[in-house]
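Let me begin by presenting the structure, written as structure tokens, before commenting on it.
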Amino acid sequence: MVKETTLEKIDDLIGRYPVLSGCKDDLRAAVEAICESYRAGHKLIACGNGGSASDAEHIVGELMKGFLMPRKLDQAMADKMQRVCPDEADYFMKNLQGALPALSMVNQVALNTAFANDQAPDLSFTQQLLGMGDDGDVLLAISTSGNSTNVIYALQMAKVKGVKTIALTGKSGGRIKSRALADVCICVPDDETFRIQELHLPVYHMLCIAAENEFFGD
């Protein structure tokens, strides 16, 4: 059960961006899926192309360190650090922050270029999911058109591996929506690429804020 204060982040988002009100049910489903995955000890994997690749990196940056909260480490971690590295323990505890495990498939330059050269460029994300996607993880796949072939292939492999799938796309949802390739499909209400991207940012900020609140809030 997700905390009520976590779900309130959805209403906060819609209050600032009323145009997203039609996405409310999907936003809630995405928050619940991400929180459920983290609660079970799993990770979030993100991918996209172009501006959406930058968004995937942005998402990882917000999840892997403090976003709106300081995320202080607990006493159990402090005790372990004192045993393993007593000289550095205080420095570590002062500066390190609790992380929500996340990785971006767009920054694996050596792997992606090698696989694209040796095998098939549109399967680079799929190869990564085959290797590191675990049952219970979440794939957050971003495609403004909903038609990006490499993202579609990644969504298919995610289902093969038992990875929960969330798509972030535009109004039509493209092939991702029409073929029901995502467990949750957040279709922001615009058809113009840059405007879709403008709405994607507050959506994924909210997802990160909600997850942070769930595990580091009061």
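Table for the structure above
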read-out: Of residues in region 97-110 being more than 16 Å from the chain's Cα centre (by Cα) and surrounded by 15 or more Cβ atoms within 10 Å (Cβ to Cβ), the one farthest from A46 (Cα to Cα); value: G98
read-out: Of residues in region 23-41 being of a type in the set (A, V, I, L, M, F, W, C) and part of a helix (DSSP H, G or I), the one surrounded by the most Cβ atoms within 10 Å (Cβ to Cβ); value: A30
read-out: Residues located in region 42-52, provided they are touching a residue at least 60 places away in the same chain (Cβ under 8 Å) and surrounded by fewer than 24 Cβ atoms within 10 Å (Cβ to Cβ); value: H42, K43, N49, G51
read-out: Qualifying residue in region 53-72 (condition: over 29 Å from G146 (Cβ atoms) and crowded, with 16+ Cβ neighbours inside 10 Å); value: yes
read-out: Single residue of F125, F115 found to be crowded, with 17+ Cβ neighbours inside 10 Å, more than 28 Å from E32 (Cα to Cα) and in the same structural domain as C35 (by TED's automatic domain parsing); value: F115
read-out: The one condition in (1) assigned to a helix (DSSP H, G or I); (2) over 30 Å from D122 (Cα atoms); (3) touching a helix residue (DSSP H, G or I) at 6+ places or on another chain (Cβ under 8 Å) that M69 fails to fulfil; value: (1)
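The values are calculated or read from the model by the stated rules, or taken from the named source; none is laboratory data. A quick note: this is a predicted structure, and the numbers were derived from the prediction, not measured. Quick reminder, even Gly has a Cβ in these numbers, built from the backbone with ideal geometry, and neighbours come from all protein chains shown.
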